[in-house]
Amino acid sequence: MEPLNLFPFFLSLKVAVAATGLAAVIGIPLAYYLSRSRGKIADFVDTLTTLPVILPPTVLGYYLLVLLGRQSPIGKFVEETFGTTLVFTPLGAVIAAFVVAVPFLIKSARAAFASIDPNLIRAAKVLGRSDWNIFLVVILPLSWRGVASGLMLVFARALGDFGATLMVAGNIPNETLTMPVAIYDALLAGNHRLANALVMIMTVVSVSLLYMMKRVEKRMIRGDGSHAARKD
Amino acid sequence: MLHVKIKKAFPHFMLDVAFTAEKGITGILGPSGCGKSLTLQCIAGLETPDEGLIVLNDRPFFDSRQRVNVKPKDRKIGYMFQNYALFPHLTVQQNIAFGLKGKPKAEIEQKVAEMIKKIGLQNYERHYPAELSGGQQQRVALARTLIVEPDVLLLDEPFSAVDHYMKQALEQQLISFIQEHFTGIVLFVTHNIEEADRLCDRIIMYHEGKVIQSGPKEDVFARPVNVTAARMIGYENLFPVDSIERRHEGMVAFINGIELLVKDVNVPPSPLFLSVHANHLLFVEDDRPNTFDYEIVQTRTRMNHFDVMIKTEHFMLQATVAKKDWDSLLASKKKLYLPPEHLFFLQG
């Protein structure tokens with residue numbers, strides 16, 4: 001019996017980690033901005049960041065393909081500067097997973113930020129702290145559960161993306177073939193052993209993530225009591 | 001001395017106020033939504049006025065003409081928020097030390113320990129705000145504010161989150177603590193007249209984003225300048241005056257065809273009103289000027305007195321009768337007396 005090719009599993013893991021990192025860097029500041037603003041620009045940004053949840057993944061993938069392809073300004077610029085294309089590479093898979101998953105982080109983190117009493121931020125300002133310091137010392141500690149839960153959701157969603165990834169990164173074996181796509185390919189090729197193994201892995205990872213999120217959210221609902229219960 | 005003259009416009013509201021506050025406790029009194037808290041936020045630099053001036057002694061915090069707008073962190077203003085705004089994830093100790101960031105560690109530790117002793121919360125250093133009573137939370141909030149040695153202390157409705165029966169004790173605690181440990185300007189926002197009366201030296205009365213009257217509290221409460229101010233501080237007897245006449249014994253005001261003798265000689269511009277506080281009405285047996293036959297239309301029982309609605313041939317008014325005087329009032333035929341020295345003119 002030939003050994004199982006677990007490349008898709010490790011690629012998916014790497015893609016999901018990278019997409020989660022990218023989501024943290026871009027999504028958290030965006031969520032913070034949206035939690036503070038009520039203007040028309042904020043509404044537009046809000047709509048734009050919610051769109052990936054509504055659009056079919058293939059449509060989303062198509063847009064990304066047009067936006068990042070070799071003929072597009074962005075694609076050309078990256079190819080000329082870094083000597084690599086964005087589409088049909090693992091990088092393309094990361095971007096696809098990021099776009100599909102980041103709305104979940106924004107929604108969850110934004111709700112957490114918005115639930116912070118604005119007087120706490122005012123108090124910190126009057127007591128001499130800078131905006132950046134307030135973010136690190138007051139806002140993040142009070143909303144980290146919402147942010148963490150959002151990040152887990154991003155990871156799970158990035159790990160499991162099929163449609164957009166297939167459109168943008170393709171299914172080149174040992175290069176851009178991620179787990180969900182590999183499952184589909186294995187099934188078509190009649191390789192039930194591989195399909196079953198990958199399905200098992202995906203299920204275990206997803207269920208564990210969901211369980212962890214439940215734990216975090218439960219403590220979040222208990223709220224301030226968790227601070228009181230902490231013994232240092 | 002704090003000098004404030006600011007304007008800030010919103011779609012359905014306009015704040016346009018000017019006042020000065022000196023050392024001691026100045027109350028900003030007004031109904032909710034009249035711009036009291038907004039004023040505090042402008043002074044602290046948390047909101048930016050559209051135009052105007054905020055100057056503490058000789059230091060300008062905000063000057064729209066000179067384009068001065070000092071950041072909140074550089075204004076050295078103490079601000080105690082309505083719900084105290086203690087950081088729920090930090091201990092009592094960490095909350096109190098919050099404003100001392102950047103100071104040497106030994107100094108912070110010493111100052112915080114001193115402060116915790118002052119507010120009597122030794123043994124609570126490592127507790128979280130959620131584990132404290134309302135009164136203890138208030139003390140921590142005050143300690144956190146005063147530890148940075150501000151020049152101005154802003155108190156936003158400090159007793160709105162407190163149980164009614166705890167209030168009196170907490171008021172005493174807060175005021176004596178402030179008097180003992182703070183010598184600067186205190187601005188105290190409240191919508192409660194009795195609270196303002198008990199705690200403040202001076203009063204600034206707000207109404208719909210404007211200052212309608214300010215001054216020492218005795219003056220403001222004894223002599224509201226217009227009908228709006230009078231209603232806010234509990235004057236219910238307000239009569240439109242038809243005309244006045246100066247005679248040698250005083251002023252005479254004509255109201256609904258009757259004459260009332262008034263000792264007050266300060267007559268504001270029209271529309272002219274006459275007022276007397278419900279507490280100042282008397283019941284007498286002899287026949288003198290300003291007395292009227294009356295009947296009681298309605299009686300409401302209060303803790304120590306009755307609020308009675310009284311009807312004479314020409315007007316209705318509200319009087320307060322102490323419970324101990326009630327029986328003698330009903331026992332004999334008396335007349336209602338409006339003491340000329342307690343009648344005063346005000347603007348409509």
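The values are calculated or read from the model by the stated rules, or taken from the named source; none is laboratory data. What you are looking at is a predicted structure, and each value in this text was computed from that prediction instead of being measured. With ideal geometry, Cβ positions are generated from the backbone for all residues, glycine too; neighbour counts draw on all protein chains shown. Surface accessibility is based on the protein's heavy atoms, side chains included, excluding ligands, DNA and RNA. Shrake-Rupley method; radii C 1.70, N 1.55, O 1.52, S 1.80 Å.
Taking 0.36 nm per residue of separation and subtracting the Cα-Cα distance, full extension of the segment from B:His314 to B:Ala9 would add 105.3 nm. Restricting the calculation to Cα atoms, region A:52-97 yields a radius of gyration followed by a Dmax of 10.9, 34 Å. Projected onto its three principal axes, the C-alpha set of region A:7-226 covers 63, 41, 28 Å, listed from the longest axis down.
When both region B:251-314 and region B:161-230 are represented by their alpha-carbon centers, they are found 28 Å apart.
Surface composition of region B:2-231: carbon plus sulfur atoms hold 47% of the accessible area, using a 1.4 angstrom probe and ignoring ligands, DNA and RNA.
Place +1 on the Cβ of every Lys and Arg and -1 on the Cβ of every Asp and Glu in chain B, take the dipole about the Cα centre, and give the residue among B:Ile6, B:Pro31, B:Ala141 whose Cα lies farthest towards its positive end. Value computed over the given set: B:Ala141. Rolling a 1.4 Å probe over the protein heavy atoms gives the protein assembly as shown an accessible area of 51 Å² per residue.
Simple point charges give the picture: +1 on the Cβ of Lys and Arg, -1 on the Cβ of Asp and Glu, and for region A:34-158 a dipole about the Cα centre of about 360 debye.
Note on the protein assembly as shown: dipole from Cβ charges, positive end direction compared against B:Asn256, B:Gly184, B:Val276; the farthest Cα belongs to B:Gly184. Simple rule: put +1 on each Lys or Arg Cβ and -1 on each Asp or Glu Cβ in the protein assembly as shown, find the dipole, and look at A:Leu4, A:Val168, B:Ala169; the Cα lying farthest toward the positive end is A:Leu4. Using a probe radius of 1.4 angstrom, the carbon and sulfur fraction of the accessible surface of region A:7-226 is 69%.
Going by amide H atoms built from the backbone, whose H comes under 5 Å of the H on B:Ile203, apart from near neighbours? Those qualifying (amide H under 5 Å, at least 5 residues apart or on another chain) are B:Gly27, B:Gly215, B:Lys217. Can you give the helix-only mean residue ellipticity at 222 nm for the protein assembly as shown, where every DSSP H stretch with n ≥ 4 adds -39500 (n - 2.57) and the sum goes over all residues, rounded to the nearest 500 deg cm²/dmol? Theoretical 222 nm ellipticity from helices: -14000 deg cm²/dmol. Just round it to a whole percent: the fraction of Cα-Cα distances in the protein assembly as shown exceeding 48 Å. Pairs farther apart than 48 Å: 39 percent. Restriction of the GluC sites (Glu not before Pro) in region B:8-90 to DSSP coil positions whose beta-carbon has at most 11 other beta-carbons within 10 angstrom yields B:Glu22.
This model, with +1 at the C-beta of Lys and Arg and -1 at the C-beta of Asp and Glu, gives the protein assembly as shown a dipole about its Cα centre of some 1820 debye. Shown here for region B:237-271: trypsin sites (Lys or Arg not before Pro) in loop regions (DSSP other than H, G, I, E, B) with at most 13 other Cβ atoms within 10 Å, namely B:Lys263. About the centre of its Cα atoms, chain B shows a dipole size close to 1220 debye [charges on the beta carbon of Lys, Arg (+1) and Asp, Glu (-1) only; nearest 20 debye]. Buried surface between chains B and A: roughly 2100 Å² of accessible area, summed over both sides, computed with a 1.4 Å probe on protein heavy atoms only.
Residues of region B:65-87 that bury at least 50 Å² of accessible area when the other protein chains are present, relative to the chain alone (probe 1.4 Å, heavy atoms, ligands and nucleic acids excluded): B:Lys73, B:Phe81, B:Phe87. Dividing the C-alpha radius of gyration of chain B by 2.2 N^0.38 Å, with N its residue count, gives 1.22. Quick check: from the Cα gyration tensor, does region B:213-348 come out rounded (a/c under 1.5), prolate or oblate? Verdict is oblate for region B:213-348.
When the accessible area of each residue in region A:121-157 is compared between its chain alone and the complete protein assembly (1.4 Å probe; ligands, DNA and RNA ignored), which residues differ by at least 20 Å², being lower in the assembly? Buried on complex formation: A:Arg122, A:Ala123, A:Lys125, A:Val126, A:Leu127, A:Gly128, A:Arg129, A:Asn133, A:Val137, A:Val138, A:Leu142. Scanning chain A for trypsin sites (Lys or Arg not before Pro) lying in DSSP loops with no more than 16 further Cβ atoms inside 10 Å, the longest uninterrupted stretch between such sites is A:71-229.
Within the accessible area of region B:233-347, the carbon and sulfur atoms contribute 50%, probe 1.4 Å, all protein chains present.
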